[in-house]
Amino acid sequence: MPMEFINQNILLVSIVVVSALGLLWPMFFRSAGLRASPAEATALINREEAKVLDVREPDEFASGHLPDAINIPVGKLGERMHELERFKERPLIVCCASGMRSNRGCAELKKAGFAKLYNLEGGMDAWLSANYPVHKGGRKK
């Protein structure tokens, strides 16, 4: 009987399943840090002296990054965490190209005791779309 109902109402059942997954998705894939739009990130930098951590690879960083950003690729974050210790009590904005690697970076930093973490929403793509300033070249450590 249940299979007959499912077969006769496959579209309805599909809608229910997709809706349930949409509601549950945020529970399983939460951002480790708070999200900050480019405008909110700018306010944090200007008002609270937030530091920016770019977790992209060095060549990506050199092609354009937020002013005064520190570059530590997400894959090297664990071994270079000591470089960030002095920023533990300050707001830290973590960015990458689109927001995926920075979310991973936020999770790692949160485990290390960083409390004021912000994931740049949309990453460098959003920053560039908003026409905010970008510095090119050199690795800032």
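Only the coordinates and a few stated rules stand behind these numbers; no lab work does. All values reported here derive from a predicted model rather than from experimental measurement. Here Cβ is always computed from backbone atoms with ideal geometry, including for glycine, and neighbour counts include all displayed protein chains.
Summary table
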| item | result |
| --- | --- |
| Value of [θ]222 nm, deg cm²/dmol, for the chain, DSSP H segments ≥ 4, -39500 (n - 2.57) each, nearest 500 | -13000 deg cm²/dmol |
| With at most 16 neighbouring Cβ atoms within 10 Å, loop GluC sites (Glu not before Pro) (DSSP) excluded, longest segment of the chain | 90-141 |
| Max mean-square fluctuation residue, GNM over the chain, Cα-Cα springs under 10 Å, options Arg101, Arg80, Arg56 | Arg80 |
| Nitroxide proxy distance, nm - points 7 Å out along Cα→Cβ at Arg86 and Leu11 | 6.4 |
| Candidates Asn71, Asn103, Asn131, ranked by Gaussian network fluctuation over the chain, Cα under 10 Å, top entry | Asn131 |
| For Thr42, net neighbour charge (Lys/Arg +1, Asp/Glu -1) across residues whose Cβ lies under 13 Å away | -4 |
| Size of charge dipole - the chain - debye, nearest 20, with Cβ of Lys, Arg +1 and Asp, Glu -1, no other charges | 440 |
| Distance (nanometres) between label positions extended 7 Å along Cα→Cβ at Ala115 and Asp59 | 4.1 |
| Alpha carbon centroid spacing (whole Å) that separates the range 112-139 from the range 31-80 | 5 |
| Lysine pairs with alpha-carbon atoms under 19 Å apart, the chain, spacing 8 or more or separate chains | 18 |
| Area projected by the alpha carbon convex hull of the chain, averaged over all directions, nm² | 11.1 |
